[in-house]
């Protein structure tokens, strides 16, 4: 039995092959790790987008579909009716009514801009309105004709139970009405 003595070339090939295997394993592990991290990031972005995106509805839409929307998380916009605001500072309970404003920005622009739409909506008693209930500190911007954007759920009695309340003061929109000042004749 003769044992073959390996020559220098076959030893070198053997060393090269043994070094390539760990490199391939390391590269494969890096690729798998990167794919897993990428997939996790994509999943996080999609799940965050789904949970935070809510359909923005008008007062009229909620009233028409109240039975099917009861208890669902919704986002609603309307004009605040100032004489309906009731706040209990001790219990931190706030209630007020909001009235229908268009949900389409093109329609709002055609009607003369947001300031005019808010003023007209608050002055029109025939427009649909909904009562809003909110527990928390009364926002400083809660006033007549403010645009209210509320997030919450519609309860069985038709009251919108708000968990979040965002208000935009009507004076924010006054720049949209050029040429109209408070000292204008006839106002």
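Assorted remarks:
- The calculated pair-distance distribution of region 53-147 uses every alpha carbon pair, bins of 10 angstrom beginning at 0, and gives 16, 45, 34, 6, 0 percent.
- Sorted by Cβ density within 10 Å, fewest first, the residues 145, 60, 135: 135, 60, 145
- Remark: spin-label model distance residue 90-residue 157 equals 2.0 nm, labels positioned 7 Å along the Cα→Cβ axis.
- Sorted fewest first by neighbouring Cβ atoms within 10 angstrom, 167, 28, 74, 118 come out as 28, 167, 74, 118.
- Percentage relative contact order, region 56-176, counting C-alpha pairs under 8 Å, at least six apart: 31
- Looking at region 38-119, the DSSP beta bridges with both ends there are about 65 percent antiparallel.
- Cβ-based exposure ranking for 131, 126, in which fewest neighbours within 10 Å come first: 126, 131
The numbers here are math on the coordinates, done by the rules we state, and not lab data. Worth saying up front: this structure is predicted, and the values here are computed from it rather than measured. Cβ coordinates were reconstructed from backbone atoms using ideal geometry, including for glycine residues, and neighbour counts include every protein chain displayed.
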